[in-house]
Amino acid sequence: MDEIIHQPLRLKIMAALAATPGEPLEFKRLKVITEATDGNLGRQLQTLAEAGYITVIKDYANNRPRTRAELSAEGERAFANHVEYLGRLLRGL
């Protein structure tokens, strides 16, 4: 079990990012998907970034600040391993 990913909001973030490989998701989209508050989502993204599981991209679109996130290669591996762990747990192994 991956203690970092196992937290419910971080698991939702990782699942959303894994569903869109190679396509960073905007903060606003992640907020809708996860139903998180700005502050909580920001904090969990920071935790995942510090673990090396995601990359946070801060740039501008139409002269407005934009924050996006995408899985890193390490994050892809960690998420796959965690999903495998959950599958084994559900199968009673």
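Looking at this structure, is Glu76 surrounded by 15 or more Cβ atoms within 10 Å (Cβ to Cβ) and acidic (Asp, Glu)?
Against the criterion (surrounded by 15 or more Cβ atoms within 10 Å (Cβ to Cβ) and acidic (Asp, Glu)), Glu76 qualifies.
Among the candidates Asp2, Asp38, single out the residue that is crowded, with 16+ Cβ neighbours inside 10 Å and more than 11 Å from the chain's Cα centre (by Cα).
Asp2
Can you name the condition, by its number, that Ile57 falls short on among (1) outside any helix (DSSP H, G or I); (2) touching a helix residue (DSSP H, G or I) at 6+ places or on another chain (Cβ under 9 Å)?
For Ile57, the exception is condition (2).
Just checking, does the range 15-24 include any residue being over 19 Å from Leu86 (Cβ atoms), surrounded by 15 or more Cβ atoms within 10 Å (Cβ to Cβ) and at pLDDT 95 or above?
Yes, the range 15-24 contains a residue that is over 19 Å from Leu86 (Cβ atoms), surrounded by 15 or more Cβ atoms within 10 Å (Cβ to Cβ) and at pLDDT 95 or above.
Quick check on my filter: what residues within the range 53-85 are closer than 17 Å to Asp2 by Cβ and among the hydrophobic types (A, V, I, L, M, F, W, C)?
Result: Ile54, Leu71, Ala73, Ala78, Phe79, Ala80, Val83.
Need the failing condition index for Gly52 against (1) closer than 29 Å to Leu89 by Cα; (2) at pLDDT below 95, just the number.
Of the numbered conditions (1) closer than 29 Å to Leu89 by Cα; (2) at pLDDT below 95, the odd one out for Gly52 is (2).
Going by the conditions given, is Thr47 loosely packed, with under 15 Cβ neighbours inside 10 Å and either within 15 Å of Leu71 (Cβ to Cβ) or in contact with an Asp or Glu (Cβ under 8 Å, 6 or more places away or on another chain) (or both)?
In short, no.
The values are calculated or read from the model by the stated rules, or taken from the named source; none is laboratory data. Worth saying up front: this structure is predicted, and the values here are computed from it rather than measured. A quick note on method: Cβ atoms are made from the backbone with ideal geometry, for glycine too, and the neighbour counts reach across all protein chains shown.
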